[in-house]
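Data block below; observations after.
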Amino acid sequence: MKLDTNKESFVTVNPCRLCTPLGACLAFRGIQNCMPIIHGSQGCATYIRRFLISHFREPMDIASSSFSEDTAIFGGEKNLREAFDNVIRQYNPDVIGIATSCLTETIGDDVGKIIRTVQSKIPAKLVSVSTPSFKGSHCIGFHETVTALVKSACKEVSSDHGVFIAPPILSTVDIRYIKSLCKEFSTNPVLLPDYSETLDGGVWDTYTPIPEGGTPFESISAAASPESVFLELGSQRENSAGDYLSKTFTTKYVHLDTPIGIEATDRLISTLSDISGIAISPDIQKARGRCIDSYIDAHKYVSGVRTVVYGDEDMVPSLVAYCLEIGLEPVLCASEGKLRSELERRVEPGKLDGLAVCEDADFNTIEKLIVDLKPDLMIGTGKGNHISIKHEIPLVRAGFPVHDRFGANRLLHVGYDGALALLDTIVNTLLSGKQENIPDGYSYL
C-alpha cells in the first residue's frame with residue numbers, strides 16, 4: 001500500500017470534506033424535538049441547510065446567533081441568548097444543540113460558561129459541541145456531537161439499561177434497515193442518532209416546525225450502566241462516546257465496522273445474536289445465501305475492474321473492503337480524513353498492494369492521480385461527478401452527499417440487501433458503459 005502525501009499545491013481546491021458543524025447539525029437532527037443553532041454567522045447556517053436539504057429532500061431548519069462585525073470583536077453571548085429566546089418561542093424544542101463555528105472558536109467565546117449561566121432559565125436542555133471547520137470534517141463534527149450528547153445525558157450510573165447503536169453517517173434507509181435487523185433478534189435498540197424519520201418522513205397534514213421522530217434525549221442516560229451495551233459502527237476513534245461510557249460507567253462497549261458487504265454484516269449479525277441470545281434465523285441465512293450467489297454471478301463482470309473509491313473517512317475503508325470482497329481492484333482511495341490505519345486493520349496486507357492512499361484529499365489532487373492511474377470505475381459521492389464526466393469514467397454514487405441524483409437519502413448500503421443493491425448498481429453501470437461503446441448495441445450481455 002502506497003501513501004500519497006505529496007501535494008503540488010499548498011492550496012486546497014474543491015475539498016473532499018464538508019464543514020464540521022454540518023455533521024453536528026445532522027446528528028442533532030437525529031434527536032427528538034431538537035433544534036440546532038450555529039453559533040456564528042447566518043451564512044454558515046444557510047449553507048448547511050441548503051446542503052442537507054439538497055441531499056435529503058426534506059426541510060431542515062437551523063437557527064443562528066447571527067454574528068456581525070460587532071459580535072466578532074466583542075463576543076457573541078448576547079446574540080446567543082437572543083437566539084435561545086427566539087428558538088424557544090418559535091419551535092418550543094426539548095433540546096437545543098449548539099454547534100460552534102470557525103469565527104466563534106477563533107475569538108474564544110466560552111459557550112460552556114454561557115450555557116451554565118442560562119440553563120436554569122431555559123426550558124430546554126442545552127447541549128454544545130466545539131465544531132470549528134479548521135479542526136476537522138463533517139464526520140468529526142458528527143461523532144463529536146454524539147459524544148457531547150452522551151456526556152450531557154450520562155452524569156451518573158443509571159438503574160435502567162439497554163442496547164445502544166451509534167452508526168456513522170448513513171442514509172435514512174440504512175438506519176431503518178439496522179433497526180429492522182435488530183427486530184429479528186427481539187432487540188429494540190436506541191440509535192444515536194436516529195434521523196430516519198426526521199429527514200425522511202411522510203406528507204404532513206399540518207406544518208410541523210420540528211419533524212417527528214428521533215431519539216428521545218432522556219433515553220440516552222440508560223447507556224450509563226454496566227448492564228448496557230453500546231455498539232459503535234464505523235472507524236475506530238479516540239475519545240468516542242463508547243470509549244467514554246466504557247471508562248466512566250463500565251458500559252459494555254463493542255466496536256464493529258460499518259456493515260457493508262457480507263463479512264462486515266456477518267460480524268454485526270453475530271454480535272446481535274450474542275447480545276440477544278437468539279439464534280440467527282433461516283430468513284437471514286437465506287438472504288446471505290442469495291448475496292453469495294449474486295457475487296458468483298457477477299464475478300465475470302467485476303473481476304479485476306480498476307476502481308477509485310473516495311468519500312468520507314468512515315465510508316471509504318468500508319467500500320474498499322467491499323470492493324475487494326466482490327472482486328474489484330481498488331487502485332486509489334481518497335478521503336478528507338485518515339485512512340491508512342483503518343485499511344490496515346480491515347484488509348489483509350497482501351490485498352492492499354498497489355493501492356494508492358490519499359489522505360487529506362481534495363478533488364484537484366484526486367483528478368491528477370486518476371489521470372495517471374486510468375481507472376475503469378469510480379465509487380463515491382456526487383461531488384466527483386465532474387471528474388467522471390471529464391475523463392469518461394463511470395461513477396457509482398454512494399455515501400453522503402449526493403446532490404445530482406434523486407433518492408440519495410434512500411440508497412441502501414448496509415446489510416446483505418445493501419450489498420446486493422450496491423452490486424447490482426456497479427454491474428449495471430459497467431454493462432451500460434459497454435453498451436454505449438457498441439454501435440449496434442446488444443440486448444444480451
For this session: For segment 1-137, state the average projected area of the convex hull of the C-alpha atoms over all orientations, rounded to one decimal in nm².
Result: 10.6 nm²
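Could you tell me the convex hull volume per residue, in Å³, taken over the Cα atoms of the chain? Spell out each step's value before the answer.
Values: hull volume 71.7 nm³, N = 445.
Looking at the chain, the number lands at 161 Å³ per residue.
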Exercise. Which whole-angstrom value gives the distance between the alpha carbon centres of segment 76-106 and segment 231-245?
Worked result: 27 Å
Seminar exercise, completed: Most exposed first, judged by fewest Cβ atoms within 10 angstrom, 346, 57 run 57, 346
For this session: Mind putting a number on the dipole of segment 82-125 about its Cα centre? Charges go on the C-beta only, +1 for Lys and Arg and -1 for Asp and Glu, and I need it in Debye to the nearest 20.
Result: 200 debye
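Using the 10 angstrom Cβ neighbour count as an exposure proxy, how do 410, 89 rank, fewest first?
Values: 410 14, 89 8.
Arranged by neighbour count, lowest to highest, 410, 89 become 89, 410.
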Exercise. Working from the pairwise distances between different alpha carbons, so that the mean of 1/r is found and then inverted, what is segment 302-445's Kirkwood radius in Å?
Worked result: 15.5 Å
Seminar exercise, completed: Cβ density ranking, 10 Å radius, fewest first, applied to 200, 194 yields 200, 194
Problem set entry | Euclidean distance of C-alpha centroids, segment 115-156 and segment 390-429, integer Å | 32 Å
Problem set entry | Local net charge near residue 345, Cβ-Cβ under 12 Å (Lys/Arg +1, Asp/Glu -1) | -1
For this session: Distance between Cα centroids, segment 316-351 to segment 196-223: provide it in whole Å.
Result: 35 Å
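So for the chain, averaging the separation of alpha carbon pairs under 8 Å that are six or more residues apart and normalising by length, what relative contact order in percent results? List each step's numbers first, then the result.
Details: 865 pairs, mean separation 81.2, N = 445.
Relative contact order here is 18 percent.
We did not get these values from a lab; they are worked out from the coordinates using the rules stated. Note that the structure is a prediction, hence the values are computed from the model and not measured. A quick note on method: Cβ atoms are made from the backbone with ideal geometry, for glycine too, and the neighbour counts reach across all protein chains shown.
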